[in-house]
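Here is the structure we will look at.
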Amino acid sequence: MKARLLPRLACPRCHLSFRLAPEERQPQAEILAGELICSQGHRFRVTDGIPRLAYEGCHRSRGRRTKAAFGYEWSHFSEYDVRNFRTLIMPQPEDWFSGKLGLDAGCGAGRHLRAAIQTGAEMIGVDLSEAVEVAQRKVATLAGGHVVQADLTQLPFQPGIFDFLYSWGVLHHTPDPEGTFHRLLPCLKPGGVVVIGVYQTT
C-alpha cells in the first residue's frame, strides 16, 4: 500500500476517514503491514501491502462462493493475458488516461489493472477474492498502482474521487448486479466515465 492511497480510503462500515497505525513516517514508502482505524473504532488490517477492507457479513453466501471460485481461478491461472484493454474496455485516445485516477472494480489478477497503469493513469484495483495477492504482485512496483481487497457493494473510498471506472465481466456475478452498479457511482467525479461489461444471458 502506497501512502498516498490512505486519504482516498474510507471505512466501508461508516464511511469515515482512516488513520494508519503505526503512523507511516516515510510518505513515499510502500506500507506492507499495519492497521487502518477510523474515528468510530473500526479496524482493518494491511497485510502484504494490501488493505483488507472486506468484513464478515458484508456479502451473502453466493458472494462467498463467487469469491472462492474466482480467487482460485485467478490465482492458479495468473499468467493468462489478453491485450484487449484499449480496444475493448477503455477505447480512449492515447493521452486521455494521463493524470487521471481510475477504478478497476473487480480487478481479479490485475491484467487490465496493469494495462491501465501503463496507459498513464493512476489506478486502484478492487477485488473481494484472494486474487488480490496476484494483482498486487503485478502492480506493486508501478508508481501508479494500488490494490484493495473489498466488496463492491461496500466500497471503501471517499466520494467523488475517480475520473473513470470500469468493471468487466464482474457485476453479473454479484447477488444484485443493478444494485452493485449503483453503489459504484458515488465514488465518481461529476462527468466521470463508466464502462461496464456483462455477459449476455438468456
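Values in this text are rule-based calculations from the coordinates and carry no lab data. Everything numeric here is computed off the predicted structure, so don't read it as measured data. No Cβ is skipped: glycine too gets one built from the backbone with ideal geometry, and neighbour counts run over all protein chains shown.
Quick one: if you stick a label point 7 Å off each Cα along the C-beta vector at residue 40 and residue 182, how many nm between them?
2.1 nm
Quick check on packing: order 186-197, 95-106 by the mean number of other C-beta atoms within 10 Å, highest mean leading.
Values: 186-197: 14.2, 95-106: 19.8.
Per-residue Cβ counts within 10 Å, averaged per peptide and sorted highest first, yield 95-106, 186-197.
Quick one: if you stick a label point 7 Å off each Cα along the C-beta vector at residue 14 and residue 32, how many nm between them?
Distance between label points: 3.2 nm.
Tell me, in nm to one decimal, what length is gained between residue 130 and residue 47 on full extension, where the rule is 0.36 nm per residue of separation less the Cα-Cα distance?
Working: separation 83, 0.36 × 83 = 29.88 nm, distance 1.23 nm.
Contour length minus the Cα-Cα distance gives 28.7 nm.
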